[in-house]
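Accompanying notes for the structure given below.
Every number in this text was worked out from the coordinates using simple rules, so none of it is lab data. In this text, all values refer to a predicted model and were calculated from it rather than measured experimentally. Note that we place each Cβ from the backbone using ideal geometry, even for glycine, and neighbour counts take in every protein chain shown.
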């Protein structure tokens, strides 16, 4: 019996389905705003976080999330009585909410830290400063990312 | 491993100076997969410290969200002539040190 076009097509599609190995497994691994809050609370504890004093310099639009320049500065005289103890930077949607913790002191002279970070998605970046009087100050910045980092496949 | 340190060689006493460091490291996040689906294990620098004549003046905890070849810039007050020592510590027993000297007048 000659194979009809219909039989041939159904056979062909069956082969295609069987032959397709599920290679693409894009897991939605990302921190959630809840994880961001937990990470912040781990550092801050129950203390109140106020807005202000901290400045976060980060480009609002980045093409490559693999290396994003970032500068955090805090308005502080950096004296023995009034200085920044630490600066903590968090993100909202990378696989992990932490970016970095930076510990300073009165001998720093200026409360400013720069580094380069990775961003896996368009998201919010939060910087929190811990002052010597045990108050916490924060600032947030929104960054649009066109090429994501962290989770892409290696070649 | 190579590290690039940028510290002014001379400063006046009391000046606030910027210290910039760059070290070569892959900073593998531990969240990436190879084409055949295997997880690439994490390999990052987890901590950095800078000592000025033996006293710690700056320390950082790094996470996978820090870009490859970590760059850090921070400030300190030039107090005395002497030496800055830098130390990076990471996964798989990674450890590197570097130093720079400064003359304070």
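Take each residue of peptide A:46-59, count the partner chain Cβ atoms within 10 Å of its Cβ, and average: the result is 0. The mean of 1/r over all distinct Cα pairs in the protein assembly as shown, once inverted, gives the Kirkwood hydrodynamic radius of 20.3 Å.
Highest mean packing comes first when the peptides A:102-110, A:134-142 are listed by Cβ atoms within 10 Å, giving A:102-110, A:134-142. Altogether, the Stokes-Einstein calculation at 10 °C and 1.306 mPa s, with the Kirkwood radius of segment A:57-153 over Cα pairs as Rh, returns a diffusion coefficient of 114 µm²/s. Dividing the Cα radius of gyration of chain B by its Kirkwood radius returns 1.09 for Rg/Rh.
Taking a ≥ b ≥ c as the square roots of the eigenvalues of the Cα gyration tensor, an a/c ratio of 1.5 or more together with a/b larger than b/c marks segment B:26-69 as prolate. Mean sequence separation of contacting Cα pairs (under 8 Å, at least six apart), scaled by the length of segment A:85-151, corresponds to a relative contact order of 35 percent.
Each stretch of four or more DSSP H residues adds -39500 (n - 2.57); spread over every residue of the protein assembly as shown, this sum gives -3500 deg cm²/dmol at 222 nm.
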